[in-house]
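Comments concern the structure below.
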Amino acid sequence: MSFKLENIRPTVIAGPCSAENRDQVFATAKELKKNKNIKYFRAGLWKPRTRPNSFEGVGSMGMVWLSEVQAELGIPVMTEIANAEHAELALKHGLDAVWIGARTTVSPFSVQNIADALKGTSMPVMVKNPMHADLGLWLGAIERFSSSTSGEVAALHRGFSNFTQQKYRNAPMWELPIGLKSELPDVSLFCDPSHICGNTELLGLVAQKAMDLGMDGLMLETHTLPEQALSDASQQITPSQLAELIDGLEIRSSLKDSTSDRDLSALRIQMDSIDEQLMELLSGRMDIAKQMGVFKKEEGLTVLHLERWREIVRTRMNWSKELGLSEEFILRVLEQVHKESIKVQTDVMNQDS
Ligand code: PEP
Ligand code: MN
């Protein structure tokens, strides 16, 4: 079975972050089945939670509900598998497809264990990008699955964790899926705006950008009562909000564009993404400057320390030289950034405490 719908774009994979109970799974799947863009119903059974004592999923019990949804509603179903035992359960219950989560893609050992469990089967696998921006790990996982299953292996872009990020839960860093597509042009590429955004406000914009980049489809977390969801409540939408989001997308045919237009827009998207990261980094730097201002005020220190400024210039000039950036340009950038940091710290000093 192919991940992509024929002649329809985008192909959508929708369903709750987690399967919570049989009624919720059936109610959501029934609603979603009405939408012609939706090819797969998704629901997580084993949830990789950052800290313990939050909802960790219903586990293998949910596998029964998922195979019932497949059989009774006739909608293909997929779930996340994170180890060989999950893979065996997915095979045993005849699930239509599986995906590999971002926390699993980072580990070649885990990926290989799961690939071995799927060896000789025709299970289709969708591979999410790793948590951090490492194209090699993403490509490597796709290669491991391609040589284990005869089913389709596709890529799923869900953004990258980034400690300076404020706007997104996971920075999209569009240059990475673009890099993946240029290495593996025949692999279907989907986008998961839900885990990129972490909220519902930006979903439409991120989904549109994925379409403008020529991606094949979208995975969107959908819940009948998002505010009551047991995981990822803030980023889930209802089936009718999902239908609206899909209707609102403008799908441009890449056939009509000339190749050079497409290349240019891919480069522009990469540039936008880098500028967005630059802004986030600058904002993070100013936050640190503010904290330094508070510290200096408390300790009765001056804002300007000439020795430190000289050291900043010396180290940064060396770093930038190694990166092939012009000295004159970097010095100008550093001066402006330093000026703004001094201003931020002076504002802190002048605040009444
Ligand atoms: C999910 O799809 O619910 C999930 C846990 O995703 P990710 O691996 O992208 O964090
Ligand atoms: Mn989720």
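Taking the stretch 95-129 as the range and being closer than 25 Å to PRO172 by Cβ and either touching a Gly at 6+ places or on another chain (Cβ under 7 Å) or more than 16 Å from ligand 2 (Cβ to nearest atom) (or both) as the test, the residues that pass are ALA97, VAL106, SER107, PRO108, SER110, VAL111, PRO124, VAL125, VAL127, LYS128.
Let's see how each residue does on (1) in contact with a strand residue (DSSP E or B) (Cβ under 6 Å, 6 or more places away or on another chain); (2) under 30 Å from LYS181 (Cα atoms); (3) assigned to a helix (DSSP H, G or I):
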residue: ALA266; (1), (2), (3): no, yes, yes
residue: LEU278; (1), (2), (3): no, yes, yes
residue: ASP287; (1), (2), (3): no, no, yes
residue: GLN291; (1), (2), (3): no, no, yes
residue: LEU301; (1), (2), (3): no, no, no
residue: ARG308; (1), (2), (3): no, no, yes
residue: THR315; (1), (2), (3): no, no, yes
residue: GLN336; (1), (2), (3): no, no, yes
residue: SER341; (1), (2), (3): no, no, yes
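I'm trying to understand the selection: among the residues of the stretch 40-69, which are surrounded by fewer than 19 Cβ atoms within 10 Å (Cβ to Cβ) and modelled with pLDDT of 95 or more?
GLY59, SER60, MET61, VAL64, SER67, GLU68
Within the stretch 262-283, residues that are within 17 Å of GLN166 (Cβ to Cβ) reach partners that are part of a helix (DSSP H, G or I) with beta carbons closer than 6 Å, at six or more positions or on different chains, in the pairs SER273/GLU175. Would you pick out the residues in the stretch 316-339 that are surrounded by 14 or more Cβ atoms within 10 Å (Cβ to Cβ) and closer than 21 Å to GLU280 by Cβ? Passing the criteria: ARG316, SER320, LEU325, ILE330, LEU334, VAL337, HIS338. With respect to being assigned to a helix (DSSP H, G or I), basic (Lys, Arg), modelled with pLDDT under 90 and at negative phi, ARG262 fits the description. Being closer than 24 Å to GLY57 by Cα and touching a residue at least 40 places away in the same chain (Cβ under 8 Å), is that true of even one residue in the stretch 105-119? Within the stretch 105-119, not a single residue is closer than 24 Å to GLY57 by Cα and touching a residue at least 40 places away in the same chain (Cβ under 8 Å).
Check every one of the helices (runs of 4 or more DSSP H) wholly within the stretch 33-123 and list those with 2 or more residues that are among the hydroxyl-bearing types (Ser, Thr, Tyr) and under 22 Å from CYS17 (Cβ atoms). Walk me through it before giving the result.
On the way: elements: 61-73, 84-92, 102-105, 108-117.
Answer list for the stretch 33-123: 102-105.
Only residues that are within 25 Å of ALA266 (Cβ to Cβ), more than 13 Å from ligand 2 (Cβ to nearest atom) and part of a loop (DSSP other than H, G, I, E, B) were counted across the stretch 183-212, and they come to 6. The set of residues in the stretch 134-161 that are surrounded by fewer than 19 Cβ atoms within 10 Å (Cβ to Cβ), within 15 Å of the chain's Cα centre (by Cα) and not in a helix (DSSP H, G or I) comprises ASP134, SER161. Residues of the stretch 213-228 that are more than 16 Å from ligand 1 (Cβ to nearest atom) and either closer than 18 Å to LYS4 by Cβ or not in a helix (DSSP H, G or I) (or both): LEU213, GLY214, ASP216, THR224, LEU225. Any residue in the stretch 243-251 that is away from ligand 1 (no atom under 16 Å from the Cβ), over 30 Å from VAL58 (Cα atoms), modelled with pLDDT under 85 and surrounded by fewer than 19 Cβ atoms within 10 Å (Cβ to Cβ)? Looking through the stretch 243-251, none of the residues is away from ligand 1 (no atom under 16 Å from the Cβ), over 30 Å from VAL58 (Cα atoms), modelled with pLDDT under 85 and surrounded by fewer than 19 Cβ atoms within 10 Å (Cβ to Cβ). Evaluating GLN235 against the criteria (1) surrounded by fewer than 20 Cβ atoms within 10 Å (Cβ to Cβ); (2) within 16 Å of ligand 1 (Cβ to nearest atom); (3) touching a residue at least 40 places away in the same chain (Cβ under 8 Å) leaves one unmet condition, (1). For the stretch 179-199, a residue qualifies if it is in contact with a strand residue (DSSP E or B) (Cβ under 6 Å, 6 or more places away or on another chain), away from ligand 1 (no atom under 15 Å from the Cβ) and farther than 20 Å from ASP134 by Cβ, and exactly one does: SER188.
Report yes if MET131 is surrounded by 24 or more Cβ atoms within 10 Å (Cβ to Cβ), modelled with pLDDT of 95 or more and of a type outside the set (Phe, Trp, Tyr), otherwise no. No, not satisfied.
From the list ALA154, ALA141, which one is away from ligand 2 (no atom under 16 Å from the Cβ), touching an Asp or Glu at 6+ places or on another chain (Cβ under 9 Å) and at pLDDT 95 or above? First the steps, then the outcome.
Numbers: ALA141 fails: touching an Asp or Glu at 6+ places or on another chain (Cβ under 9 Å).
After ruling out the rest, the residue left standing is ALA154.
Does VAL69 satisfy being under 19 Å from ALA229 (Cβ atoms), more than 19 Å from the chain's Cα centre (by Cα) and within 16 Å of ligand 1 (Cβ to nearest atom)?
Values: under 19 Å from ALA229 (Cβ atoms): yes; more than 19 Å from the chain's Cα centre (by Cα): yes; within 16 Å of ligand 1 (Cβ to nearest atom): no.
When the stated conditions are applied, VAL69 does not pass them.
The values are calculated or read from the model by the stated rules, or taken from the named source; none is laboratory data. Source: prediction; values computed, not measured. Because the Cβ atoms are built from the backbone with ideal geometry, glycine has one as well, and the counts that use them run over all protein chains shown.
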